[in-house]
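Working notes for the structure below.
Every number here is computed from the coordinates shown, using simple stated rules; none is lab data. Predicted model only: the values in this text are computed from it and were never measured. Here the Cβ is made from the backbone with ideal geometry for all residues, glycine too, and neighbour counts use every protein chain on show.
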Ligand SMILES: Cc1cc2nc3c(=O)[nH]c(=O)nc-3n(C[C@H](O)[C@H](O)[C@H](O)COP(=O)(O)OP(=O)(O)OC[C@H]3O[C@@H](n4cnc5c(N)ncnc54)[C@H](O)[C@@H]3O)c2cc1C
Ligand code: FES
Ligand code: FES
């Protein structure tokens, strides 16, 4: 396989299928500017930018959980590639001038995250991004020394220096573009495939029964980096364009399983929903640039954020087997038990389908976590409701973090259906949750808190859907002091 | 010889860098990715990597270990158990009990049992998973309150006393009693623990990420049964330390050194984050209880307080940590009569260790909680209660040290005014009076922090300064750079002392063969001590240069000046490099060591009395929050800080320390929650479930200012230490969160809200207030 590193073609030989980009950079190429702080996607010290070969709009990713094969044919920019003629890039200079580094270990990661924002800002006319855009862009970068103020300031200053783009020259493809994508990209005892079409994906899955699918790798790669698992056969579906599209189909919004969160953000078909506000708190920018909706479902986690949303939307998930047979399940039926789904060996998720009319119903999505940014939910609550003259015409309530699987609150829904939405009715529905869920106590929250929160969030949602939003500080984001 | 050209331009700006906001010495390398950390060092051929097999029980006898599968695993080159250690297996920093590899008993989940060296980190990690260990489980002790009840202490209990607290409590108009469990904290330095050992013909050369290279050297030598001079330890920089790299790095360095000696190959031991979070010590959780007596105007008459540190399974540095918790129970307040007792409780947990503040934060947060409770009881604004109790010159601390400066009163008054406290208090009250689930809270909290190691002998430092023939200067000292800006501050001191520009001064890596027997870089004293030692070295060289210049140019020594990169001798003005090469040709020594011992300090551990601190660093912060009391979610909306660093050597670095310390302390008190399950397994074992603050947690209004007053003591250019004290400033955030909850019961009382105030704890506090 091959990729472009800071503009230069790298032919990778003798790599194994489980190699991460970060390890390759540090151990094989001696490019040690990119750091490892956690190897789990949580700290951002390993942040690099990637772009398609002919593209100049880079995206920040966590190289620690990026499988090397997934950057096949793409451009990778690391901190070593920012200087030009021995001169620091404006992002780097701003970090120095603002005293943005103390121990310096997090610094290359911040520089790369800010460089991504810098490049996007240049593309939009070179205006200085707002404070919110800066804190969003670095929410996946942890710094234990500075307290962030000087780093945010560097973000506010970086465009005031003489401007200089990165990825100026799209790399020209000199490698072999016409590889047979049914053959492994990385071969040997451990194999890494990267098909470009669904039919080739099925063909590979048919001959490799032990294969493990990988999309963004933001869940799967942690098996490798945290538990030292070695997968024998990895099939990367991120190069299958037809899995990565969003469109309208027969009264449904179809979201391909390979659609990444950053593609969903701001998408016109979902513009009327509160999805963006939730996605801004799903992982970090680096995670959203890689993580897919299909991966979120297939991973089977009870605390994933998308399943409750999809349930509230009344969405179906479409599963395809090696013979090309398709089955559609309502999302709530896709989950069988703790980390168990309908997926059989050789199956893959092709897409989710959201009924157009349900997507347009009023919704509220609330995520509760210890930390506001880049944290896994303690409780995730998604509610959709249509009212007619104060009476509940339709309602769907779904939770993450409340059971072994993401689940709907059917009893509460039943109580609400057809009722006039008074405060008492709302309270009764909230109380019914106590009988419907037996959540666990764990490192994120206690069972009693989870139960109370399920009710608090439902109350907040139903009231907001009935009365309009109360001035709620946590939805408004930035708040001022007294 | 070059011609001496007097190129001095009297109109050029002075080059003296002291007091200037120079960037961190490696800033340009940090942003370029070219600053080298231990794991960035090039691999030697045949390099090996280490992983350890650890205990899965909190307390058990080890009946046997089957390691054949480990030895046979792909890539494994060597495996060691305790019996393979040639020297001492005990690597404790002060007392004993910290074993490099466990013997027949294990005392916490994650305790190393055996170690593997293999050709890659992954191979080593996979190999250790193949071990079969046979345990006989024993009953673990996991609650600090149980240790306290059973008097299961690692070290003797110590008390300090002032006046007659029992009588004063009995006589006090009002009293309050309470208890508080204070959470610990994971360091989460961004660079995990790491060491690299390279064997050489006499012993081993170690590159460590350590705040205490001299200790790493000593312990590695003891493990290898070598004299100290056969082991050299170098530390160029750490990717953060915060106390977590004071005693903890020794185990990694010792194992790497052991394998290096056994195999003759270079050995790298880097702990992955998940291992670091399980295997290394954290900030001590504490359990504190108190009775405080006060009068109707909230003035404290007496305090009786117990602080019980959860030390984990060994003493490590807990003696001093519990001392500091106890002797900061007064924070900024005169207690009149006090009895403070510190307990060092044993539990079957990883041995807790140094963390920025060294116990003081855990004492102070309890005190600040009862200051707020006194205010509710007497119906006063909490700030007025605090102000009424602030130390004034002449007051005595419970440990017998007299307060000499009057910084606290002035500083608090200045912040109260500059942050507009009274008007904002009124606005917060008005907002909360509207009712509703959103509530605001406000709090202004002072902090006083004693500067010096409480272990008196550690208050010494050495430095080494060379001037080379081109006039460039190299300085090294026993202090280590972990991001706090020590290297640039000492370089600034050296530049001023020699009268040269900062560009001439290069800070060199800290190395045990340049400056021996150094103390750890800790207790905030790095610049105070190493700066003074470097100054001493410069003064020695300077004296020789002045005497040479006077003699060479035929003038009085009094007429010689070193400044602005030149030497002025009578009528002569010589550029510094030219003068230096002249001195060299005239056989003047251009190198010197320097030494410093902190004056005035003494402390009697038995009586708990003395002057443990050279001086106090002071500060205050005012924080405002808004809380959604229906869920416990909150945001910090504004922070104003005024902090006393004496005459700042480098305001940008000092402000960076204050901001960084504030946010780190805020994390400790809010979202950072350590948790263990009933078997003693730590469940907060990854950044995915242990949440340190992000940029979005820091309010846009985060105003940090320096209190402008030089240190009254004769410290390096009258600056003050800054590393630890700011960590306690965000206690104001915690108090503000509680203040917001208290609005739900019309401020009749403060609900209990043991730190960390996670959204869940804030929610329960709000529930308690609502119940009334
Ligand atoms: C730092 C960090 C923060 C995170 N924060 C959040 C969060 O806030 N909320 C949240 O919900 N999640 C979060 N996650 C988890 C993760 O990012 C999401 O679950 C993501 O959607 C997974 O998608 P992926 O494409 O990366 O999946 P991958 O890791 O590629 O795959 C995950 C699993 O799904 C399988 N799979 C992938 N695609 C398919 C397919 N099309 N068909 C069948 N099987 C498939 C894989 O075989 C694998 O078992 C976080 C992860 C990290 C590292
Ligand atoms: S190393 Fe922490 S996110 Fe990659
Ligand atoms: S500068 Fe040390 S972690 Fe950011």
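Reported to two decimal places, what Rg/Rh ratio describes the range A:199-358 when computed on Cα atoms with Rh from the Kirkwood expression?
0.94
What is the fewest-to-most order of B:148, A:264 by other Cβ atoms lying within 10 Å of their Cβ?
B:148, A:264
Diagonalise the Cα gyration tensor of the range A:341-453 and give the resulting equivalent ellipsoid semi-axes, square root of 5 times each eigenvalue, largest first, whole Å.
After scaling each eigenvalue by five and taking roots: 25, 22, 14 Å.
Compute the relative contact order of chain B as a whole-number percentage, counting only Cα pairs closer than 8 Å that sit 6 or more residues apart in sequence.
Result for chain B is 15 percent.
Need one word for the range A:181-237: rounded, prolate or oblate. Basis is the Cα gyration tensor (sqrt eigenvalues a ≥ b ≥ c); a/c below 1.5 gives rounded, then a/b vs b/c decides.
Cα axes put the range A:181-237 in the prolate bin.
Using 1/(1 + (r/R0)^6) with R0 = 41 angstrom and r between the beta carbons of residue A:156 and residue B:434, what's the FRET efficiency to the nearest 0.05?
0.75
What FRET efficiency, computed as 1/(1 + (r/R0)^6) with R0 = 60 Å and r the Cβ-Cβ distance, is obtained for residue A:440 and residue B:551, rounded to the nearest 0.05?
0.15
Normalised by the number of residues in the range B:455-562, what is the relative contact order in percent for Cα pairs under 8 Å and 6+ residues apart?
Dividing the mean separation by the residue count of the range B:455-562 yields 32 percent.
Cα centroid distance between the range A:18-67 and the range A:219-239, in Å?
Answer, in whole Å: 15.
Angle, helix A:198-207 long axis vs. longest principal axis of chain A, Cα atoms, 0 to 90°, nearest 10?
Once rounded, one gets 80 degrees.
If each DSSP helix of 4+ residues adds -39,500 (n - 2.57) and the sum is divided by the residues in chain A, what number results at 222 nm, nearest 500 deg cm²/dmol?
Taken over chain A, the calculation gives -7500 deg cm²/dmol.
How long is the gain from residue B:417 to residue B:607 if the chain were fully straight, where each residue apart is worth 0.36 nm and the alpha carbon distance is subtracted?
Answer, rounded to one decimal: 64.3 nm.
Using alpha carbon coordinates only, what is the Rg to Rh ratio of chain B, with Rh defined as the Kirkwood radius?
Looking at chain B, the ratio lands at 1.00.
Based on other C-beta atoms within 10 Å, arrange B:466, B:417, B:701, B:30 from fewest to most.
Lowest to highest Cβ neighbour count: B:417, B:701, B:466, B:30.
Assuming a viscosity of 1.306 mPa s and a temperature of 10 °C, what translational diffusion coefficient in µm² per second does Stokes-Einstein assign to chain A, Rh being the Kirkwood radius over Cα pairs?
Stokes-Einstein gives a translational diffusion coefficient of 67 µm²/s.
Please order A:313, B:287, B:668 by the number of other Cβ within 10 Å, starting at the fewest.
B:287, A:313, B:668
What order, most packed first, do the peptides A:275-283, B:581-589 have when packing is the mean number of other Cβ atoms within 10 Å of each residue?
Going from most to least packed, we get A:275-283, B:581-589.
Alpha carbon centre of the range A:362-428 versus the range B:96-145: separation in Å?
A separation of 46 Å, based on Cα centres.
Modelled label-to-label distance, residue A:54 and residue B:41, 7 Å Cα→beta-carbon offset: nm?
For the pair residue A:54/residue B:41, the computed spacing is 4.8 nm.
What does the extension gain come out to for residue B:770 and residue B:69, with contour length at 0.36 nm per residue minus their alpha carbon separation?
Stretched fully, the residue B:770-residue B:69 segment lengthens by 246.4 nm.
Given the protein assembly as shown reduced to its alpha-carbon atoms as identical point scatterers, what log10 I(q)/I(0) does the Debye formula return at q = 0.04, 0.09 Å⁻¹?
The calculated log intensity ratios at q = 0.04, 0.09 Å⁻¹ are -0.23, -1.21.
So for each of B:710-716, B:173-179, B:91-97 I average, over its residues, the number of other beta carbons within 10 Å; can you give me the resulting order with the highest mean first?
So the order, starting with the most tightly packed, is B:710-716, B:91-97, B:173-179.
Taking every eigenvalue of the Cα gyration tensor of the range A:220-300, multiplying by 5 and rooting it, what semi-axes result, largest first, whole Å?
26, 16, 9
Would you mind calculating the relative contact order of chain A from Cα pairs under 8 angstrom and at least 6 residues apart, reporting the percent as a whole number?
After rounding, I find 11 percent.
How far apart, in nanometres, would the label points at residue A:230 and residue B:295 be if each is projected 7 angstrom from Cα along the Cα-to-Cβ direction?
A separation of 7.7 nm, rounded to one decimal place.
At what distance in nm do the modelled label points of residue A:272 and residue B:681 sit from each other, each positioned 7 Å from its Cα along Cα→Cβ?
Those two pseudo-labels are separated by 4.8 nm.
Angle between the Cα long axis of helix A:107-123 and the longest principal axis of chain A, 0 to 90 degrees, nearest 10?
Helix A:107-123 and the main axis of chain A meet at about 80 degrees.
Across peptide B:628-639, how many C-beta atoms of other chains are within 10 Å of each residue C-beta, on average?
Average per residue, whole number: 5.
Per-residue counts of other Cβ atoms within 10 Å, averaged by peptide: what ranking do you get for B:763-769, B:80-86, highest first?
The most tightly packed comes first, giving B:763-769, B:80-86.
Can you give me the angle between helix A:423-436 and the longest principal axis of chain A, using Cα atoms only, in degrees from 0 to 90, rounded to the nearest 10?
70
222 nm [θ] for chain B, helices only, -39500 (n - 2.57) per DSSP H run of 4+, per residue, to 500?
Calculated from helices alone, the mean residue ellipticity at 222 nm is -9000 deg cm²/dmol.
Let me know the mean shielding of B:286-299 by other chains, meaning the per-residue number of their Cβ atoms within 10 Å of its Cβ.
The mean count of partner-chain Cβ atoms within 10 Å per residue comes to 0.
Which length gain, in nm to one decimal place, applies between residue B:129 and residue B:167 when the Cα-Cα distance is subtracted from 0.36 nm times their residue separation?
So the extension gain works out to 7.6 nm.
Suppose R0 equals 51 Å. What FRET efficiency, 1/(1 + (r/R0)^6) with r the Cβ-Cβ distance, do residue A:84 and residue B:543 give to the nearest 0.05?
0.60
When you look at the Cβ of every residue in B:651-664, what mean number of other chain Cβ atoms sits within 10 Å?
Taking the mean over all residues of the peptide, I get 4.
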